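Note sheet for the following structure.
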Amino acid sequence: MKQWKGKKETVVKKGDKLELDKGTPTNYTIPSIAKVPGSIAGVHYPDSIMNIPADVPPATPVPPLPSAPPPPPTTAVSLNKVNDIALPSVDRSKKPSDTSVHDRYDTSVLRRVVVPVKVMTLFQAMAQTNTHKNIETCGVLTGKLEKNELIITHMIVPKQKGTSDSCMTSNEEEIFDYQDQHNLITIGWIHTHPTQTAFLSSVDLHTHCPYQLLMPEAIAIVCSPKYNETGFFILTPNYGLPFIANCRKSGFHPHPTEPPLFKVADHVRIENSAPLEVLDLRKA
Ligand SMILES: [Zn+2]
Ligand SMILES: [Zn+2]
């Protein structure tokens, strides 16, 4: 999926000097929506549910927003749609009008996303060793649709390699396999900023884009232990989402700051007592 650069994340909104993409293909990928080619130790995995090519070269155009809304996320299988989004062969004539984008992504119609508070507390605890070493950690948030609410029930921390401003997942098949077995849909992702505030970097925006294209409610949670901040973000549905979907750049790169590309996700409800299963695949 989106490729990460080993560079400082740039806080666009603060008007800091932006670091331009040096254009080197990268060591970093993240999260998890990408499928890493190959299989694990002789085990054959069927086509993954989130099968974005991990090795799309930087020049590969990102196809525009698909014209049809994704099917209701009743099962994780709907994530197959990622293929349609990521493959360069998508028919660009299907670019939707502003109107259809607006209808589809009007934030007032987003279903509620229920986030157990344990998502943040357990994740930060699991990330602590990395955080102390100034290394990012990432995880995938999955769950179920119930009474028209998207409820995060399982947090999966995949095998990964992090740096101070990036996190590269591997063996994603393990994630998909687990989701398949437990009928879990993908509701978002979470990562730490060990030394920075909670915001979405340019790379984070690109990482998040396919999540939100597949499910308009998908959220990105950013935990900043140093500043004691947690951010719940989405791309602005009517502007940031189509903008990022059509941005061809990779690695850290500047984006215009106005209108805003992302915003706080106000369709989130934090539940203090909601249960959470955690799957840590890092040592498995
Ligand atoms: Zn980040
Ligand atoms: Zn971009």
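Filter K133/K283; K118/K144; K118/K159; K161/K263; K161/K283 down to the pairs with a C-alpha to C-alpha distance above 23 Å, please. Mind dumping the intermediate values first?
Numbers: K133/K283 18 Å; K118/K144 17 Å; K118/K159 21 Å; K161/K263 28 Å; K161/K283 12 Å.
As for pairs spanning more than 23 Å Cα to Cα, those are K161/K263.
Just to verify a number: FRET efficiency for D266 and A125, C-beta to C-beta distance, R0 = 25 Å, to 0.05? Write down the numbers at each step before the final one.
Working: r = 27 Å, r/R0 = 1.07.
Working from the Cβ atoms, E equals 0.40.
Sort 209-215, 225-231, 150-156 by packing, meaning the average of other beta carbons within 10 Å per residue, with the highest value first.
Values: 209-215: 25.1, 225-231: 14.7, 150-156: 23.0.
Those peptides, ordered most packed to least, come out 209-215, 150-156, 225-231.
Tell me, in nm to one decimal, what length is gained between T257 and Q181 on full extension, where the rule is 0.36 nm per residue of separation less the Cα-Cα distance? Could you put the intermediate results ahead of the total?
Working: separation 76, 0.36 × 76 = 27.36 nm, distance 4.11 nm.
That pair, T257 and Q181, stretches by 23.2 nm at full extension.
Give, in nm to one decimal, the length gained when the segment between N228 and K133 is fully stretched (0.36 nm per residue of separation minus the Cα-Cα distance).
On the way: separation 95, 0.36 × 95 = 34.20 nm, distance 1.70 nm.
Stretched fully, the N228-K133 segment lengthens by 32.5 nm.
Could you rank the peptides 239-245, 275-281, 193-199 by their average count of other C-beta atoms within 10 Å per residue, with the highest value first?
On the way: 239-245: 21.9, 275-281: 16.0, 193-199: 19.6.
In decreasing order of mean packing, 239-245, 275-281, 193-199 become 239-245, 193-199, 275-281.
Return, ordered by residue number, the residues of region 173-215 whose backbone nitrogen is under 19 Å from a label point located 7 Å along Cα→Cβ of R111.
It comes to 179-189, 210-215, nothing else.
Can you give the FRET efficiency for K283 and N246, using 1/(1 + (r/R0)^6), R0 = 35 Å, r = Cβ-Cβ distance, to the nearest 0.05?
Values: r = 39 Å, r/R0 = 1.12.
So, using R0 = 35 Å, E works out to roughly 0.35.
Only the coordinates and a few stated rules stand behind these numbers; no lab work does. The structure presented is a predicted model; accordingly, all values stated were derived computationally and were not measured. Don't worry about glycine lacking a Cβ; one is built from the backbone with ideal geometry, like all the others, and counts go over all protein chains shown.
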